[in-house]
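Since the structure comes first, as structure tokens, the remarks are kept for the end.
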Amino acid sequence: MATFLYLLFTFTLSSTCVFAAPPPLDGFLPNGNFEEPPKATDIKKTVLLGKHALPKWEISGLVEYIHGGPQPGGMYFPVAHGVHAVRLGNEATISQTIAVKSGSLYAVTFGASRTCAQEEVLRVSVPPQSGDLPLQTLYSSDGGDVYAYGFKANSTSVRLTFHNPGVQEDPQCGPLIDAVAIKELFPPRSTRFNLVKNGGFEEGPHRLVNSSNGVLLPPRQEDITSPLPGWIIESLKAVKFIDNKHFNVPSGLAAIELVAGRESAIAQILRTVPNKLYMLSFVIGDAKNGCHGDMMVEAFAAKDTLKAPFKSEGKGKSKAVSMKFKAISARTRVTFYSSYYHTRADDFGSLCGPVIDEVKVIGVRA
């Protein structure tokens, strides 16, 4: 009897180990902050030597392991999310293979900045997806820009690659990467109480614990899979995913800041009933981050438009607005963008704008 119970326990334990789903990914990749240094034999001055010189990563081409701050030759490398970073020279890459769940959605969050006052591009790829992120627009003046890139896993392991596709005249130029994290995303659903998916923006990419600048979500043409579930970033410039730890958020844990005026827009396509009347409502405010002045968010649904003005004093205030619209088809696109451009009062080099949150659409009677 004792033997039978022991075998039953062993079988149960082994079955649990085999069939238990891995926990959702949410945090730094192995050596994702690059604070595990290379061996002394794998680096010459700042240049990494060999394919495996950077612990937990594979490299190709001219990759430098650098300390943040002033550099020999008079350059300055901003490393906002730690002490060390990597710089990608012409055509250089770093890559890592990640264990994931096939069919699941993920967002990679990473700190990236340019090193020279010229156009630089960072190519992010998880085959078969790839996107080029232009780094010439600085959203924060301290080099602390953080981006998110979304992808859908098509197998149980994927290869994430960062590539500098450009050829710069100055060999000291090339994008810096100073932190890389990943998070599994869970697709939200609409309900009879709200046709908008993820209307409170609670589901989104990983937020770096040592970053206070929020996470930039790139335009759709640069990122086929949105890192903000349910939403399309369809503008020319990025929008910012902000959290309640570092910003004033009207409700919940997160919201969206429209940081690039009319070049910064988000949209969602809803299932609607033609000729049925609906109510669109949302909250507009400021992030309490020094962004002030006359703001306006324009919202579009079917053939209707709402212009929602908001005078910001930079104190974290907000207000709710709404409009009715009539659906004209089985699919209705709801779009939001900021009418004006803003920068922070204490830092004219940092773009900012109105915050939107708690987006809701419900059916109403005439």
Determine the shape class of the stretch 37-149: with a ≥ b ≥ c the square roots of the Cα gyration tensor eigenvalues, call it rounded for a/c under 1.5, and otherwise prolate if a/b is greater than b/c, oblate otherwise. oblate
What length, rounded to one decimal in nm, is gained on full extension from ALA267 through to ALA345, with 0.36 nm per residue of separation minus their alpha-carbon distance? 25.2 nm
Could the peptides 316-323, 110-117, 185-192 be put in order, highest first, of the mean number of other beta-carbon atoms found within 10 Å of their residues? 110-117, 316-323, 185-192
Tell me, what is the FRET efficiency for VAL209 and GLU58 to the nearest 0.05, using R0 = 25 angstrom and their Cβ-Cβ distance as r? 0.45
Can you give the accessible area per residue of the stretch 215-363, in Å², using a 1.4 Å probe? 42
Protection proxy ranking of 327-338, 223-234 - average other beta-carbon atoms within 10 Å, highest first: 223-234, 327-338
Suppose R0 equals 51 Å; then what is the FRET efficiency for PHE193 and SER95 from their Cβ-Cβ distance, rounded to the nearest 0.05? 0.70
So what is the relative contact order for the stretch 250-366, in percent, with contacts set as C-alpha pairs under 8 Å and at least six apart? 43
Rounded, prolate or oblate: which one fits the chain, using the alpha carbon gyration tensor with axes a ≥ b ≥ c (rounded when a/c is under 1.5, else prolate when a/b beats b/c, else oblate)? oblate
Too long for a 25 Å Cα-Cα cut-off, among LYS237/LYS311; LYS183/LYS317; LYS56/LYS237; LYS152/LYS326; LYS303/LYS360; LYS317/LYS360, are LYS183/LYS317; LYS56/LYS237; LYS152/LYS326
Using a Förster radius of 22 Å, what is the FRET efficiency between ASP170 and LYS45 based on their Cβ-Cβ separation? Nearest 0.05, please. 0.80
How much length is gained if the chain between LYS276 and ALA320 is pulled fully straight, taking 0.36 nm per residue apart and subtracting their Cα-Cα distance, in nm to one decimal? 13.5 nm
If packing is taken as the average number of other Cβ atoms within 10 Å across a peptide's residues, how do 24-33, 99-108, 77-86 rank, most packed first? 77-86, 99-108, 24-33
The stretch 103-131 scanned against label point 7 Å out from SER155 along Cα→C-beta; backbone N under 14 Å for 103, 126-129
Positive end of the dipole of the chain, charges at C-beta (+1 Lys, Arg; -1 Asp, Glu), about the Cα centre: which of VAL364, SER338, VAL249 has its Cα farthest in that direction? VAL364
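The values are calculated or read from the model by the stated rules, or taken from the named source; none is laboratory data. These numbers were taken from a predicted model, which means no experiment stands behind them. Every residue, glycine among them, receives a Cβ derived from its backbone with ideal geometry; neighbour counts consider all protein chains shown. SASA here: full protein model, heavy atoms, side chains in, ligands and nucleic acids out. Shrake-Rupley method; radii C 1.70, N 1.55, O 1.52, S 1.80 Å.
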